[in-house]
Amino acid sequence: MGDFMKNNFSVDTSSLQTKQSVECWWCRKVSTDPEALKTCTVCKVAKYCGRDCQRQEWKVHKLLHQELDHTRRLLKDNEDEEREREQSEAEEKEKVLQSLGKKP
């Protein structure tokens, strides 16, 4: 993803990750001690000065949570489909081998 962003948008994502790990997502105040920022307990990505900033940003931040949930569901569905396809192919191969009188 980092390469995609860099190649298509000339954005170095490593600098964004560093910046967002020391900056409150609501008020944008940069912390000299990144450990002092509170991390969202659900996504483990967003950082906040405190509870007030987190509450103020929640209407926007919950959209990130919805997108993460949607992406997780899509990835799981893709994995399930791939597993079913592989199983179906293995069963088909076994049938062909049996019809030829060979054991798998």
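The values are calculated or read from the model by the stated rules, or taken from the named source; none is laboratory data. All values derive from a computational prediction rather than experimental measurement. Quick reminder, even Gly has a Cβ in these numbers, built from the backbone with ideal geometry, and neighbours come from all protein chains shown.
Is there any pair linking a residue in the stretch 43-55 that is under 10 Å from residue 26 (Cα atoms) to one that is hydrophobic (A, V, I, L, M, F, W, C) and assigned to a helix (DSSP H, G or I), with Cβ under 9 Å and at least six apart or on different chains, and which?
Cβ pairs passing all conditions: 46/64; 49/36.
Check the stretch 80-96 and report whether any residue there is in a helix (DSSP H, G or I) and closer than 30 Å to residue 38 by Cα.
There is no residue in the stretch 80-96 that is in a helix (DSSP H, G or I) and closer than 30 Å to residue 38 by Cα.
Within the stretch 9-29, identify whether any single residue is of a type outside the set (A, V, I, L, M, F, W, C), at pLDDT 85 or above, surrounded by 10 or more Cβ atoms within 10 Å (Cβ to Cβ) and touching a Ser or Thr at 6+ places or on another chain (Cβ under 9 Å), and answer yes or no.
yes
Which of the residues belonging to the stretch 44-60 are at pLDDT below 90 and surrounded by 12 or more Cβ atoms within 10 Å (Cβ to Cβ)?
Result: 45, single match.
Sort through 68, 100, 64 and tell me the only one that's surrounded by fewer than 12 Cβ atoms within 10 Å (Cβ to Cβ) and either farther than 17 Å from residue 24 by Cα or without any contact (Cβ under 8 Å) to a residue 40 or more places away in the chain (or both).
The unique qualifying residue is 100.
What are the residue pairs meeting all of these: first residue in the stretch 23-34, first residue free of Cβ contacts under 8 Å to residues at least 60 places away in the same chain, second residue among the hydroxyl-bearing types (Ser, Thr, Tyr) and in a helix (DSSP H, G or I), Cβ atoms under 9 Å, and 6 or more apart or on different chains?
From residues that are free of Cβ contacts under 8 Å to residues at least 60 places away in the same chain, the pairs are 34/21.
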